[in-house]
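Working notes, beginning with the structure itself.
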Amino acid sequence: MTATLSRVQATPAALQLIAQLRAAHGAILFYQSHGCCAGSAPMCFTAQELGLSEADRCLGVVGGVPVYASQSQCDYLAGLAMTLDVAPGDSGSFGLEDGSGQHFVAHLRLWTDDELPHLAPITPALGAAS
(Lines give C-alpha, C1' and ligand atoms only; values in the text may rest on other atoms or scores of the structure.)
Protein backbone atom coordinates (compact mmCIF):
# COMPACT_ATOMS: atom_id res chain seq x y z
CA MET A 1 0.00 0.00 0.00
CA THR A 2 1.72 3.19 -1.16
CA ALA A 3 -1.13 5.60 -1.94
CA THR A 4 -2.18 8.29 0.51
CA LEU A 5 -5.44 7.41 2.24
CA SER A 6 -8.08 10.07 2.70
CA ARG A 7 -9.20 10.37 6.32
CA VAL A 8 -12.80 10.98 5.17
CA GLN A 9 -14.86 8.91 2.75
CA ALA A 10 -18.50 9.21 1.67
CA THR A 11 -21.14 6.70 0.70
CA PRO A 12 -22.90 7.02 -2.68
CA ALA A 13 -26.01 8.31 -0.87
CA ALA A 14 -23.97 11.01 0.89
CA LEU A 15 -22.28 11.98 -2.37
CA GLN A 16 -25.70 12.33 -4.03
CA LEU A 17 -26.99 14.63 -1.27
CA ILE A 18 -23.72 16.61 -1.35
CA ALA A 19 -24.15 17.13 -5.12
CA GLN A 20 -27.74 18.31 -4.61
CA LEU A 21 -26.68 20.76 -1.91
CA ARG A 22 -23.78 22.09 -3.99
CA ALA A 23 -26.14 22.62 -6.93
CA ALA A 24 -28.60 24.51 -4.73
CA HIS A 25 -26.14 26.49 -2.56
CA GLY A 26 -22.79 26.70 -4.34
CA ALA A 27 -19.69 26.27 -2.17
CA ILE A 28 -20.44 24.28 0.98
CA LEU A 29 -18.42 22.73 3.79
CA PHE A 30 -18.78 20.23 6.61
CA TYR A 31 -17.89 20.87 10.21
CA GLN A 32 -17.65 17.81 12.45
CA SER A 33 -19.26 19.04 15.64
CA HIS A 34 -18.67 17.77 19.13
CA GLY A 35 -21.45 19.58 20.92
CA CYS A 36 -23.40 18.27 23.86
CA CYS A 37 -26.89 18.55 22.41
CA ALA A 38 -26.59 17.09 18.91
CA GLY A 39 -23.66 14.84 19.79
CA SER A 40 -20.87 14.45 17.27
CA ALA A 41 -22.48 15.11 13.94
CA PRO A 42 -21.27 16.35 10.56
CA MET A 43 -22.90 19.73 9.99
CA CYS A 44 -23.24 21.09 6.44
CA PHE A 45 -23.09 24.85 5.86
CA THR A 46 -22.53 27.25 2.98
CA ALA A 47 -18.91 28.33 2.83
CA GLN A 48 -19.97 31.85 3.89
CA GLU A 49 -22.01 30.72 6.93
CA LEU A 50 -19.22 29.43 9.12
CA GLY A 51 -16.12 31.41 9.98
CA LEU A 52 -13.17 29.08 10.49
CA SER A 53 -10.39 29.89 12.93
CA GLU A 54 -6.72 29.05 13.29
CA ALA A 55 -7.79 26.30 15.72
CA ASP A 56 -9.80 24.50 13.00
CA ARG A 57 -8.34 21.75 10.84
CA CYS A 58 -9.26 20.14 7.51
CA LEU A 59 -9.69 16.37 7.82
CA GLY A 60 -10.20 15.85 4.09
CA VAL A 61 -12.45 16.48 1.12
CA VAL A 62 -15.48 14.45 -0.04
CA GLY A 63 -17.44 15.17 -3.17
CA GLY A 64 -15.42 18.35 -3.63
CA VAL A 65 -16.41 19.58 -0.16
CA PRO A 66 -13.92 20.11 2.69
CA VAL A 67 -14.57 18.52 6.08
CA TYR A 68 -13.35 20.58 9.05
CA ALA A 69 -13.16 20.05 12.81
CA SER A 70 -11.60 21.76 15.79
CA GLN A 71 -8.06 20.79 16.74
CA SER A 72 -9.33 18.95 19.83
CA GLN A 73 -11.85 17.01 17.74
CA CYS A 74 -9.10 16.19 15.21
CA ASP A 75 -6.94 14.84 18.03
CA TYR A 76 -9.78 12.44 18.84
CA LEU A 77 -10.49 11.59 15.18
CA ALA A 78 -6.84 11.11 14.14
CA GLY A 79 -7.02 7.36 14.80
CA LEU A 80 -10.42 6.90 13.18
CA ALA A 81 -11.56 6.56 9.59
CA MET A 82 -14.71 8.63 8.96
CA THR A 83 -17.35 7.75 6.41
CA LEU A 84 -20.06 10.33 5.79
CA ASP A 85 -23.45 8.78 5.16
CA VAL A 86 -27.08 9.85 5.26
CA ALA A 87 -29.92 8.59 7.41
CA PRO A 88 -33.64 9.13 6.95
CA GLY A 89 -35.37 11.97 8.72
CA ASP A 90 -34.53 15.57 9.41
CA SER A 91 -32.00 16.21 12.15
CA GLY A 92 -33.62 19.41 13.35
CA SER A 93 -30.21 21.06 13.07
CA PHE A 94 -29.04 24.14 11.24
CA GLY A 95 -27.45 22.03 8.49
CA LEU A 96 -28.29 22.71 4.86
CA GLU A 97 -29.77 19.25 4.49
CA ASP A 98 -32.48 19.93 7.08
CA GLY A 99 -35.85 19.75 5.33
CA SER A 100 -34.60 17.25 2.74
CA GLY A 101 -35.90 14.25 4.68
CA GLN A 102 -32.31 13.10 5.25
CA HIS A 103 -29.46 14.06 7.53
CA PHE A 104 -25.74 13.43 7.50
CA VAL A 105 -24.18 10.97 9.92
CA ALA A 106 -20.58 9.93 10.45
CA HIS A 107 -19.58 6.28 10.77
CA LEU A 108 -16.22 5.78 12.47
CA ARG A 109 -13.81 2.85 12.61
CA LEU A 110 -10.24 2.38 13.75
CA TRP A 111 -7.50 2.56 11.13
CA THR A 112 -5.62 -0.69 10.66
CA ASP A 113 -1.91 -0.90 11.43
CA ASP A 114 -1.29 -1.23 7.68
CA GLU A 115 -3.29 1.94 6.92
CA LEU A 116 -1.80 4.25 9.57
CA PRO A 117 1.50 5.03 7.78
CA HIS A 118 -0.38 6.08 4.62
CA LEU A 119 -2.88 8.57 6.02
CA ALA A 120 -3.22 12.00 4.48
CA PRO A 121 -2.17 14.77 6.87
CA ILE A 122 -4.64 16.85 8.84
CA THR A 123 -4.06 20.42 7.65
CA PRO A 124 -4.84 23.89 9.03
CA ALA A 125 -8.26 25.09 7.90
CA LEU A 126 -7.08 28.57 7.02
CA GLY A 127 -5.44 28.37 3.64
CA ALA A 128 -6.89 24.89 2.94
CA ALA A 129 -8.36 24.37 -0.51
CA SER A 130 -12.14 24.50 -0.60
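The values are calculated or read from the model by the stated rules, or taken from the named source; none is laboratory data. Here the structure is a predicted model, which is why all the values come from computation and not from measurement. Every residue, glycine as well, gets a Cβ built from its backbone with ideal geometry; the counts of neighbours run over all protein chains shown.
Specify the residue that is surrounded by the fewest Cβ atoms within 10 Å (Cβ to Cβ); the eligible residues are those in region 111-127 that are under 18 Å from Gln32 (Cα atoms) and of a type outside the set (Val, Ile, Thr). Step through it out loud before you land on a result.
To start, the set of residues in region 111-127 that are under 18 Å from Gln32 (Cα atoms) comprises 120-126.
Okay, now just the ones that are also of a type outside the set (Val, Ile, Thr), so 120-121, 124-126.
Numbers: Ala120: 15, Pro121: 9, Pro124: 14, Ala125: 23, Leu126: 12.
Only one residue tops the list, namely Pro121.
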Sole miss for Val105 among (1) touching a strand residue (DSSP E or B) at 6+ places or on another chain (Cβ under 9 Å); (2) closer than 16 Å to Val8 by Cβ; (3) part of a loop (DSSP other than H, G, I, E, B) is condition (3)
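Restrict the check to region 26-41 and report whether at least one residue is in contact with a His (Cβ under 9 Å, 6 or more places away or on another chain) and farther than 19 Å from Pro121 by Cβ. Explain how you work it out, then say what you get.
The initial filter retains those residues of region 26-41 that are in contact with a His (Cβ under 9 Å, 6 or more places away or on another chain), namely 40-41.
With the extra rule that they be farther than 19 Å from Pro121 by Cβ, the set shrinks to 40-41.
Within region 26-41, one or more residues are in contact with a His (Cβ under 9 Å, 6 or more places away or on another chain) and farther than 19 Å from Pro121 by Cβ.
Within region 33-52, restricting attention to residues that are in a loop (DSSP other than H, G, I, E, B) and modelled with pLDDT of 90 or more, which residue is surrounded by the most Cβ atoms within 10 Å (Cβ to Cβ)? Please lay out each step first, then the result.
Taking region 33-52 and keeping what is in a loop (DSSP other than H, G, I, E, B), we get 33-34, 36-38, 40-41, 47-52.
In the following step, the residues that additionally are modelled with pLDDT of 90 or more were identified as 47-49, 52.
Working: Ala47: 14, Gln48: 11, Glu49: 14, Leu52: 19.
Out of the qualifying residues, it is Leu52.
Kindly check whether there is at least one residue in region 86-95 that is closer than 12 Å to Tyr31 by Cα, out of contact with any Lys or Arg (no Cβ under 7 Å at 6 or more places or on another chain) and aliphatic (A, V, I, L, M).
Taking every residue of region 86-95 in turn, none turns out to be closer than 12 Å to Tyr31 by Cα, out of contact with any Lys or Arg (no Cβ under 7 Å at 6 or more places or on another chain) and aliphatic (A, V, I, L, M).
For region 1-32, give me each residue that is assigned to a loop (DSSP other than H, G, I, E, B) and either surrounded by 11 or more Cβ atoms within 10 Å (Cβ to Cβ) or at pLDDT 95 or above (or both).
The initial filter retains those residues of region 1-32 that are assigned to a loop (DSSP other than H, G, I, E, B), namely 1-4, 6-7, 11, 26-27.
Those that are assigned to a loop (DSSP other than H, G, I, E, B) and either surrounded by 11 or more Cβ atoms within 10 Å (Cβ to Cβ) or at pLDDT 95 or above (or both): Ser6, Arg7, Thr11, Gly26, Ala27.
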Expected single match for out of contact with any His (no Cβ under 7 Å at 6 or more places or on another chain), under 21 Å from Thr46 (Cα atoms) and in contact (Cβ under 8 Å) with a residue 12 or more places away in the chain among Leu119, Leu110, Leu77, Leu84 is Leu84
Given the criteria loosely packed, with under 15 Cβ neighbours inside 10 Å, within 25 Å of Ala47 (Cβ to Cβ) and of a type in the set (D, E, K, R), does Asp90 qualify? yes
Scanning region 68-99 for residues that are part of a helix (DSSP H, G or I) and of a type in the set (Phe, Trp, Tyr) gives Tyr76
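Please enumerate the residues belonging to region 95-110 that are surrounded by 12 or more Cβ atoms within 10 Å (Cβ to Cβ) and under 17 Å from the mean Cα position of the chain (by Cα).
So the first thing to find is which residues in region 95-110 are surrounded by 12 or more Cβ atoms within 10 Å (Cβ to Cβ), and the list is 95-98, 100, 102-108.
Gly95, Leu96, Glu97, Asp98, Gln102, His103, Phe104, Val105, Ala106, His107, Leu108 - these are the residues of region 95-110 that are surrounded by 12 or more Cβ atoms within 10 Å (Cβ to Cβ) and under 17 Å from the mean Cα position of the chain (by Cα).
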Among Ala13, Ala78, Ala23, the single one that is among the aliphatic types (A, V, I, L, M) and closer than 19 Å to Leu110 by Cα is Ala78
